[in-house]
Amino acid sequence: MTITTAVTEDIPALVKLINSAYRGEESKKGWTTEAYVLDGDLRTDPPMLEKLIQTPGSLILKYTNDEGIIEGCVFLQQRGNRLYLGMLSVSPLLQAKGIGKELMKASHAYAREQGLSAVFMRVISLRHELIAWYERRGYYLTGETEPMPDDTRYGIPNQPLEFVIMEKKIE
């Protein structure tokens, strides 16, 4: 396994991976699916990922196997003295094999290298199993919430949704 920074040539594979981890029928093969709370097949698209990759202070780490196939990824963006972590994605058929944990370790190492004080993320409040997974890795609920965006390109809520903010201090 190798964890490196994604480049624009990786975008097609990243879009496929991220969408398969969160949306549609394929996502239901793993435990990270959001398909039961958001209708639609897209979590991201090429223009969104290209914009994220090109934004200063942002990067996507990719986890590749020995054949060079991307099996996991995570989006990171420096925001002030903290690192935002989003779209942690692992292929549904490979979940629970430690790929997500390795990407989290790499994210925390990156935050330390940058001299940042914490890593934070947004999690859909109804995703109790995911919140518990992050809590087992040292994250805590900050008490902050954010509304779900009105942009329906990346999923249509089938019930009222909001995000909770979770954070982990970096030593």
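For Thr145 and Glu9 in one chain, what is 0.36 nm times their gap in residues minus the Cα-Cα distance, to one decimal in nm?
Length gained between Thr145 and Glu9: 45.5 nm.
Just rank Asp45, Asp10, fewest to most, by other beta-carbon atoms within 10 angstrom.
Asp45, Asp10
Run through all the Cα pairs of segment 30-171 and give the fraction in each 5 Å bin from 0, expressed as whole percent.
The percentages, shortest bin first, are 2, 9, 17, 22, 23, 18, 7, 2, 0.
Counting other beta carbons within 10 Å of each residue's own, what order do Asp39, Asp150 fall into, fewest first?
Asp150, Asp39
How many nm separate the modelled label positions at Leu126 and Glu162, each set 7 Å beyond the Cα in the direction of the Cβ?
1.5 nm
For Arg112 paired with Arg79, estimate the spin-label separation in nm (one decimal), with each label point 7 Å from Cα along the Cα-to-Cβ line.
My value for the distance between the label points is 2.4 nm.
Only Cα pairs within less than 10 Å get springs; with that Gaussian network setup on the chain, which residue of Met121, Met48, Met104 has the largest fluctuation?
Met48
How far apart, in nm, are two points set 7 Å out from the Cα along the Cα-to-Cβ line at Arg136 and at Ser58?
Going by the 7 Å Cα→Cβ label model, 3.1 nm.
Along the charge dipole of the chain, pointing to its positive end and built from +1/-1 on Cβ of Lys, Arg, Asp and Glu, which listed residue (Val15, Leu88, Ile131) has its Cα farthest out?
Ile131
Would you calculate a helix-derived [θ] at 222 nm for the chain, using -39,500 (n - 2.57) for each DSSP H run of n ≥ 4 and dividing by the full residue count, to the nearest 500?
Rounded to the nearest 500, the figure is -8000 deg cm²/dmol.
Order these by the 10 Å Cβ neighbour count, fewest first: Thr142, Thr64.
Listed from fewest to most nearby Cβ atoms, that is Thr142, Thr64.
Which percent, to the nearest 5, of DSSP beta bridges fully inside the chain are antiparallel?
90 percent
Would you list the membrane-span-like helices of the chain, meaning whole DSSP H runs whose alpha-carbon atoms span at least 27 Å along their axis and whose mean Kyte-Doolittle value is at least -0.5?
Passing helices, by number: none.
How many Å³ per residue does the convex hull of the Cα positions in segment 19-110 occupy?
112 Å³
All of the numbers you see were taken from the coordinates with simple rules; none came from a lab. Note that the coordinates shown come from a computational prediction; the quantities given were computed from them, not determined experimentally. Quick reminder, even Gly has a Cβ in these numbers, built from the backbone with ideal geometry, and neighbours come from all protein chains shown.
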